[in-house]
Structure formats: C-alpha cells, structure tokens
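K.L.:
One structure, as structure tokens, below. Some questions next.
Computed from the coordinates by the stated procedures, all read-outs in this text should not be read as laboratory data. Since the structure is predicted, the reported quantities are computational estimates derived from the model, not experimental observations. Every residue, glycine among them, receives a Cβ derived from its backbone with ideal geometry; neighbour counts consider all protein chains shown.
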Amino acid sequence: MTQLHYRLIPLVILLGQSLYSYAETPLPSSVLKDNAETFEIACPDNPQQTTIDMNDCISTKRDAVKSVEAKYISTARQRIVETKDNQTLDAFEAENKAWDNLIATASQATYAEWQGGTIRGVKSTDREIKLIELRIHNQWQNWLRYEDSTPPLLPEPLFHNVE
C-alpha cells in the first residue's frame, strides 16, 4: 500500500463511503453453531511488526467486517423490499445513513485524538470495526429475526477478532 492510501483512510471514514464494493469481497471464515455464525476477523500471515504491517492488517480486518455488513444489510433491505412497504424502506435507509454518519464521526474523532501518532489510523479503524460489528448485530436483531418462533433470515452474527 502506498502512503497516499493511508492518507485516504480518514477521508473515507469521514465520508462514510468505501472505495470499492464490499459486497464483492469474500466473507471471512466462520463457524455456524447454535443458530449463530461466528466470523473470524483476522489478518493471517501478517507479522504486525511495523506500522505498515499494522495498517495492512487493520485494513484487512475492516474489509472482512464490511463484507459481513454488506451481506446483512442487503438481506434486510431485500426483506423490506419484498413487503412493498415504502415507508419502512425509507425508515430503514434513513437508519443506515445515520449509522454511516455515526461510524464516520466516531472514527474521525478517534483519529483526531491520536493525531500526530503513527498509530492513529489503526486506532481509528479499530473503532470503526467495533461500531460496524455493533451495527450488524443491532440490525440483525431489528430486521432479520422475528419475535415468534420463525427462524431468523440469517444466523446471529458474532465476531472473533484475532490479534
């Protein structure tokens, strides 16, 4: 990765947009057990001995979480679209915009807190990852499972972050 890439990380976080589609990124490895899917968020084969290694690793982890996010959000969106309830779809889209803004703002705040340190990108992206994981689980609770005995559309998302 180039130095330019690391300068773009805060800009991407600030805008709440990605440079490429995470829906196309493969899902991380996972284990399905008891109606829950635990995704392994890791960066194998990365020694994490230098700042560049750490930045590469955290970017790999973010890409993995973003691919899970894309899967869960698109499944929820599809469920709502199938109901032909435009009011609910509009509310869902507004919720997603709010999540995007929250995650971007919080990540940028962490970046500002660590300004001047080489670890600022890692700290900012780590916070972004944790908030995305929270978002995925929250949206699963609200949009992909039912209050009765109907099975959820996707298993409960859990995350195992490998250091």
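K.L.:
Please list, in order along region 73-87, the HN-Hα scalar couplings obtained from phi with the Karplus expression 6.51 cos²θ - 1.76 cosθ + 1.60 (θ = phi - 60°), rounded to whole Hz, x for Gly and Pro.
P.N.:
Coupling constants for region 73-87: 5, 5, 5, 5, 4, 4, 4, 5, 4, 5, 7, 6, 9, 5, 5 Hz.
K.L.:
Same structure, new question: With 10 angstrom as the radius, rank ASP63, ASP100 by how many other C-beta atoms surround their C-beta, starting from the fewest.
P.N.:
Ranking ASP63, ASP100 by Cβ neighbours within 10 Å, fewest first, gives ASP100, ASP63.
K.L.:
Going by amide H atoms built from the backbone, whose H comes under 5 Å of the H on ASN161, apart from near neighbours?
P.N.:
ILE41
K.L.:
Taking amide H atoms as placed 1.01 Å from N in the peptide plane, list the residues 5 or more away in sequence, or in a different chain, whose amide H sits under 5 Å from that of GLU37.
P.N.:
Residues meeting the amide H criterion: GLU156, LEU158.
K.L.:
Additional query: Ranked by Cβ crowding within 10 angstrom, fewest neighbours first, how are TYR72, TYR146 ordered?
P.N.:
The most exposed by this proxy come first: TYR146, TYR72.
K.L.:
Report relative contact order for the chain in percent, whole number only (criteria: Cα-Cα under 8 Å, sequence separation at least 6). Working shown, then result.
P.N.:
Numbers: 182 pairs, mean separation 53.7, N = 163.
Computed over the chain, the figure is 33 percent.
K.L.:
If you plug each phi of region 141-146 into the Karplus form 6.51 cos²θ - 1.76 cosθ + 1.60 with θ = phi - 60°, what whole-Hz ³J(HN,Hα) values come out, in order, with x for Gly and Pro?
P.N.:
In residue order, the calculated couplings are 4, 8, 10, 10, 10, 10 Hz.
K.L.:
A follow-up question, please. Counting other C-beta atoms within 10 Å, which of SER124, SER74 has the fewest, and how do the rest follow?
P.N.:
Sorted ascending by nearby Cβ count, the order is SER74, SER124.
K.L.:
Within region 51-163, how many lysine pairs that are 8 or more places apart, or on different chains, have C-alpha atoms less than 16 Å apart?
P.N.:
5
K.L.:
Further, regarding this structure: Given H placed on each backbone N at 1.01 Å, which residues far from SER29 in sequence or on other chains put an amide H within less than 5 Å of it?
P.N.:
GLU40
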